[in-house]
Amino acid sequence: MNYNQFFSDAVNRLHDERRYRVFADLERIAGRFPHATWHSPNGERPVVMWCSNDYLGMGQHPKVIGAMVETATRVGTGAGGTRNIAGNHHPLVALERELADLHGKEAALLFTSGYVSNQTGISTLAKLIPNCLILSDALNHNSMIEGIRQSGCERQLFRHNDVAHLEELLIAAGPQRNKLIACESLYSMDGDIAPLAKICDLAERYGAMTYVDEVHAVGMYGPRGGGVAERDGVMHRIDVLEGTLAKAFGCLGGYITAKAEIIDAVRSYAPGFIFTTSLPPAVCAAATAAIRHLKSSNWERERHQERAARTKAVLNAAGLPVMSSTTHIVPLFVGNPERCKQACDLLLQEHGIYIQPINYPTVAKGTERLRITPSPYHDDVLIDQLAEALIQVWQQLGMPLHAAPLAAE
């Protein structure tokens, strides 16, 4: 039996479907973000990053770097074990307290990534709720989908951001059924926002628990960076808020925040928490420094929104197909996986601009796009250079310059 052939065939299918993923070998330059070095097949080349999830550039902030270096020098590198076996170190405990305070909750629980916090958090919560029905937004992230699947609970999808459809499902479930509504606050591929207040209204009316993923919003929105829920004044109405440390906070890790009883139950039952080594002290200290800074500093958030708005305006003025978005996400519609990959290759090789193609299964087939994420450090010159490069690539590939379509269905 030629087992290797199974894997070769699987990879070849991705090539045939024009969705085989290629990773660029990049080296960020602290203090010069978004500039980086691309280790290309032909040697080192300077590039400008336009798709990083380090939205606010906090991965290079002196306070964050300083906290990481000082902590690693003082206590060492690794955590030394799981939380139950020597890994419950003080910087981690301090970070959880900081996260609980950020979201106005009684407690927080840290995981090794935002993916794991959703996958493990949702599955554990739902398993602990008898006869739980999970009502999930149709565009929820794969980590949430996997958490729901692993819970073994019944799942029903409601149309994306459609509160009328959600209400229909809640009514049909009946008042005696235990229900968990799972959604994101900000959907990163289209850049749209969930109607959190209306979802909370429905949850309270029909006796459902709420779980909201804020990974693309924490640090970015709200007066202290608590996310869309804080900005919209509904943070206290949401049962479980999930976030990441790997985007606006520029570090690594994921977390959930909630009432103490909920956090204690997940801590006690979740395999993805119990059986994995905890995050290193230096990473926890760096994340804490980032959170504390963004709780009191609005410069990054205000500058970031202004930069995103200018990027959209310049690209729209150039006739490029910018998809409608009210947030910091700037999606550029392509609609073809091969063209999407070709556009990204040309931008990198000929213009020194790094943007990854977003193809199926991240987005639906036929809605392939470039996902552009400006930062506070993308100045006017870089934005103008991006527009000029995109126009040249669009013309080179024979793609039309026209008004943008609506956000993908």
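Scanning the stretch 40-90 for residues that are open to solvent by less than 30 Å² (accessible area, probe 1.4 Å) and closer than 22 Å to Ala270 by Cα turns up Ala79, Gly81, Thr82, Gly87, His89. A single member of Met68, Met144 is over 30 Å from Glu204 (Cβ atoms) and not hydroxyl-bearing (Ser, Thr, Tyr), and it is Met68. Can you spot a residue in the stretch 64-74 that is under 30 Å from Pro281 (Cβ atoms), within 26 Å of the chain's Cα centre (by Cα) and of a type in the set (Gly, Ala, Ser)? Looking through the stretch 64-74, at least one residue is under 30 Å from Pro281 (Cβ atoms), within 26 Å of the chain's Cα centre (by Cα) and of a type in the set (Gly, Ala, Ser). Remark: Thr362 falls outside the filter, which requires a residue to be open to solvent by 30 Å² or more (accessible area, probe 1.4 Å), over 22 Å from Met49 (Cβ atoms) and in contact (Cβ under 8 Å) with a residue 24 or more places away in the chain. Annotation: of all residues in the stretch 177-225 being polar (S, T, N, Q) and farther than 30 Å from Gly366 by Cα, the one that is surrounded by the fewest Cβ atoms within 10 Å (Cβ to Cβ) is Asn178. Of the residues making up the stretch 365-385, those that are open to solvent by 10 Å² or more (accessible area, probe 1.4 Å), of a type in the set (Asp, Glu) and either touching a residue at least 60 places away in the same chain (Cβ under 8 Å) or in contact with a Pro (Cβ under 7 Å, 6 or more places away or on another chain) (or both) are Asp380, Asp384. Within the stretch 18-31, restricting attention to residues that are open to solvent by less than 80 Å² (accessible area, probe 1.4 Å) and in contact with a Lys or Arg (Cβ under 9 Å, 6 or more places away or on another chain), the residue that is farthest from Gln356 (Cα to Cα) is Arg19.
If only residues of the stretch 334-362 that are part of a strand (DSSP E or B) and modelled with pLDDT of 95 or more are counted, the one that is nearest to Glu17 (Cα to Cα) is Tyr354. On the stretch given as the stretch 386-402, residues that are part of a helix (DSSP H, G or I) and either open to solvent by less than 50 Å² (accessible area, probe 1.4 Å) or of a type in the set (Gly, Ala, Ser) (or both) total 7.
Scanning the stretch 253-298 for residues that are basic (Lys, Arg) and over 18 Å from Gly57 (Cα atoms), we see that the one that is surrounded by the most Cβ atoms within 10 Å (Cβ to Cβ) is Arg267.
The values are calculated or read from the model by the stated rules, or taken from the named source; none is laboratory data. Keep in mind that this is a model prediction, so the values were computed, not measured. Neighbour counts run over all protein chains shown; Cβ positions are idealised from the backbone, glycine included. Heavy atoms of the whole protein, side chains included, go into the accessibility calculation; ligands, DNA and RNA do not. Shrake-Rupley method; radii C 1.70, N 1.55, O 1.52, S 1.80 Å.
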